[in-house]
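Comments concern the structure below.
Values quoted throughout were computed directly from the atomic coordinates according to the rules given, and no laboratory measurement underlies them. As the structure is a prediction and not an experimental result, all values here were calculated from the model. Neighbour counts run over all protein chains shown; Cβ positions are idealised from the backbone, glycine included.
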Amino acid sequence: MRPTILLVISCLGLALVASAQESSNSKGPSPAAYELYSWQTPNGRWRFSILPSPSGVNVSAEQVFNKKFCLAGVAELKRRISELTAGSTIYWIDHIVDAGQTATARPSVAYPAPE
């Protein structure tokens, strides 16, 4: 399943780039930057969160793990990515800087294994 996740994300990213090139002459919404976070639940399932990328400020753990933004599995991740403006950039983040906050009862963000 892990190779599938990486393949799906790569394909979606390429599709976004191709779509942006096709519609570069249109006056639609401007592309934006997003941060993608991933973590594995105790039962082995992957969860994701895609949030707008603030300029020079890290997203808090409360935002990343907020149930309102949590995506359960690859199907939900694909759906959410398809809703983004064509040409948007997604940065896949492997850490959260959350000064002054306790990390108890929170999962750790991580990338799926390459294989």
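Couple of notes before you dig in:
- Inter-site label distance for R79 and A110 at 7 Å from Cα along Cβ, in nm: 2.6
- Take the Cα radius of gyration of the range 41-93 and divide it by 2.2 N^0.38 Å, N being the number of residues; the result is 1.19.
- Summing charges over all other residues whose Cβ lies under 15 Å from the Cβ of S53, with Lys and Arg as +1 and Asp and Glu as -1, gives -1.
- Relative to the current alpha-carbon distance between C70 and D94, full extension at 0.36 nm per residue lengthens the span by 7.0 nm.
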